[in-house]
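The values are calculated or read from the model by the stated rules, or taken from the named source; none is laboratory data. Please read all numbers here as calculations on a predicted model, not as lab measurements. Backbone-built Cβ (ideal geometry, glycine too); neighbour counts: all protein chains shown. For accessibility, only protein heavy atoms count, side chains too; no ligands or nucleic acids. Shrake-Rupley method; radii C 1.70, N 1.55, O 1.52, S 1.80 Å.
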Amino acid sequence: MEKRAERLNSLLVQLFNDILHIEEKVLKSSEIKDLSITEIHTIDAIGTQGNRTMGEIAHDLRITVGSAINRLIKKGYAERSRTEEDRRVVLVSLTEKGKHAYKIHADFHKEMVQATLNSYNDEEQEVLCDVIEKINIFFEDKYEGLQ
């Protein structure tokens, strides 16, 4: 069992690092090379559906996002606004430039997922999704326990 645990640990660490490394390389070779991984993930968390609060974005990313949002605004990828109901509530949304960066990042993920799924038949795809979902739930529970 110990060998299996070591193998799983190695695979998870390698997978995590490989995804980040590949994502970073794709970013640096695209027209959005001025964005860091944190910034592109912040753009992803803001999304294209409308205004989100800083708290919602921070919760999705599980980090504080103030400085990342400030950098995105400075670079022209995002903008802030306030609600009429409560002027204290700050909303963040993507500019057209931010929506374009979002699409580039979404296309990368779509390609990555499709390439992964193409390696498996329907039944294997279900098992893979179930296993990754269980791993994800484990990490979400761990994160919530740290709050």
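Quick notes on this structure:
- Among all positions in the range 118-128, there is no residue which is open to solvent by less than 80 Å² (accessible area, probe 1.4 Å), at pLDDT 90 or above and outside any helix (DSSP H, G or I).
- Residue match in the range 22-33 (condition: free of Cβ contacts under 8 Å to residues at least 60 places away in the same chain, loosely packed, with under 12 Cβ neighbours inside 10 Å and within 27 Å of Ile135 (Cβ to Cβ)): yes
- Residue in the range 110-121 that is closer than 22 Å to Glu140 by Cβ and under 17 Å from the mean Cα position of the chain (by Cα) present: yes
- Of the numbered criteria (1) within 22 Å of Phe139 (Cα to Cα); (2) open to solvent by 70 Å² or more (accessible area, probe 1.4 Å), the one Leu61 fails is (2).
- Restricting attention to the range 37-51, the residues being more than 12 Å from the chain's Cα centre (by Cα) and open to solvent by less than 50 Å² (accessible area, probe 1.4 Å) number 1.
- Residues in the range 72-99 that are in contact (Cβ under 8 Å) with a residue 24 or more places away in the chain and open to solvent by 50 Å² or more (accessible area, probe 1.4 Å): Lys75, Lys99.
- Looking only at residues in the range 1-21 that are among the hydrophobic types (A, V, I, L, M, F, W, C) and over 19 Å from Thr116 (Cβ atoms), the one that is least open to solvent (accessible area, probe 1.4 Å) is Ala5.
- Of the residues making up the range 32-81, those that are among the hydroxyl-bearing types (Ser, Thr, Tyr) and in contact with a strand residue (DSSP E or B) (Cβ under 9 Å, 6 or more places away or on another chain) are Thr42, Thr48, Thr53, Tyr77, Ser81.
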